[in-house]
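Read-outs throughout are calculated quantities, based only on the coordinates presented, and are distinct from any laboratory measurement. A quick note: this is a predicted structure, and the numbers were derived from the prediction, not measured. Cβ sites come from the backbone with ideal geometry, for glycine too, and all protein chains shown count toward neighbours.
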């Protein structure tokens, strides 16, 4: 009888205490068995392609809602993992998978993950994390220095001081943006005389006390959709997230933005924050952060930079200038699972002023006490894993130069791919890449070289690219994502559906880029046949 079967039999025989003890103690045989089984799953994920099944087809193996009354043997569970999880998981780290912002991660992080699970620290308070709280504060100080470049004396004073907070770690970029806007809003409606502040009195009383009719956040029309969530979460309403048009490069129009701020102030609408983007998730465009900093400073507005994607460009001495002005931001968001090459579950909001976090401080008697350095005092989250150790390990094992090299490689590959698109008769480069994202589209043979297309032809090209991208994802060997771009110069035409390539994976080689385009051309033959159908049939194919 196998080891896992024996464990199950122990449970079935009524000796549940012995069965449970085998799992909760570090039984060497059980640990070895599970390590072997998980290693096999990982190897299968690395070596085999994803099975081409639709989500509906995968549902069959994941439609049982009954918790097993009797425990499975480990062999049975490993078989489930292999057949129903690993086989269908997206191979996000593959070199030819260049469609999304999730990439290959350093191999050592899986071992750091094992350590984190074993330690099981909770950084909500020192009593459940101890030194891991200090590790997180050190990580925040290191990233703060990358962004704001303060001197040694500044960091010596604030890195581990109980009353100073150089940032807040969150479980994702959206929550980091939410936290930044939470800070900005409470700063706008801080205590004043008998008014004890928004934190205590709430939004309605804050508006009444300061004499505003509502509050707004202003930024580019390409702001991340987390800003729409913020409008709902914070009580502003999504219509109070004011989105300013961009120019043809994807950067926000400064003059229009400044006019909007002036109009809001004249109309007694509190401008909670001005948001700059470094770089957009659609095209990698970067706002003129220095100009935005000037506008924010002249109007006394909180300046936030959403650098969830592009923040690590700061590690590159060659390209850091693209983010000039970020050092003047009040808050900066950086997402760990993007170009910091970390597992899912860690992002940061950095605060230029170490005292800014006091605007959202919340205390309790049993934890997050006033005199402590408990991290839960300044976080929307309560219990939280010590995921900052992932970033701590990479900052030391890759170093500043290592991260800089990764950024330089990604931008260089984007330029190479853009040239490959220019040189290929089947594709059209839609925008010159500013960072490491490339947007382009496939053009059917009869529409190449015609210049401006009719509205009907543009619609057909859009649908061809949608179908092409759907087919490529279904095949599972290579991948390009897609988005739709607004047309600033010709608004009468429909939004332009484009293919979107992201170059962050250090394993992606020139041959992988050739493979991506070659597969798209092959798939286009099938797509062209389908687009000979009536227009209504094409829509039915795309939206069944």
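Can you give the Kirkwood hydrodynamic radius of the stretch 402-542 from its Cα pairs, in Å with one decimal?
About 15.8 Å, per the Kirkwood formula over Cα pairs.
To the nearest 0.05, what FRET efficiency results for residue 39 and residue 355 with a Förster distance of 30 Å applied to their C-beta separation?
With a Förster radius of 30 Å, E is 0.05.
Over the stretch 173-335, consider all pairs of different Cα atoms and compute the Kirkwood hydrodynamic radius from their mean reciprocal separation; express it in Å, one decimal.
By the Kirkwood definition, the hydrodynamic radius is 15.9 Å.
What's the extension gain from residue 317 to residue 290 if we count 0.36 nm per residue and subtract their Cα-Cα distance?
7.9 nm
Have a look at the DSSP beta bridges in the stretch 173-335 and tell me what percent are antiparallel, nearest 5.
15
Round to a whole angstrom and tell me the spacing of the C-alpha centers of the stretch 160-235 and the stretch 464-497.
After rounding, the separation between the Cα centres reads 35 Å.
With each label point set 7 Å from Cα along the Cα-Cβ vector, what nm distance links residue 110 and residue 18?
3.5
Assuming R0 = 45 Å, can you tell me the calculated FRET efficiency for the pair residue 266 and residue 456, based on Cβ-Cβ distance, to the nearest 0.05?
The formula returns an efficiency of 0.50 here.
Order of 90, 295 from fewest to most other C-beta atoms within 10 Å?
90, 295
Within a 10 angstrom radius of the beta carbon, how do 417, 427 rank from fewest other beta carbons to most?
Fewest-to-most Cβ neighbours within 10 Å comes out as 427, 417.
What distance in nm lies between label points placed 7 Å from Cα along the C-beta direction at residue 56 and residue 69?
Spacing of the two 7 Å Cα→Cβ label points: 3.5 nm.
Taking the chain as the region of interest, what is the percent of Cα-Cα pairs per 10 angstrom bin, listed from the shortest bin to the one with the maximum distance?
Distribution as computed: 3, 15, 23, 24, 19, 11, 3, 0 percent.
Given the chain, what percent of its DSSP beta bridges are antiparallel, to the nearest 5?
If I count the DSSP bridges inside the chain, around 55 percent turn out antiparallel.
For the chain, what is the calculated [θ] at 222 nm in deg cm²/dmol (nearest 500), taking -39500 (n - 2.57) for each run of four or more DSSP H residues and dividing by its residue count?
The helix-only estimate for the chain comes to -13500 deg cm²/dmol at 222 nm.
Fewest first, what order do 77, 440 take by the number of other Cβ atoms within 10 Å?
Fewest-to-most Cβ neighbours within 10 Å comes out as 77, 440.
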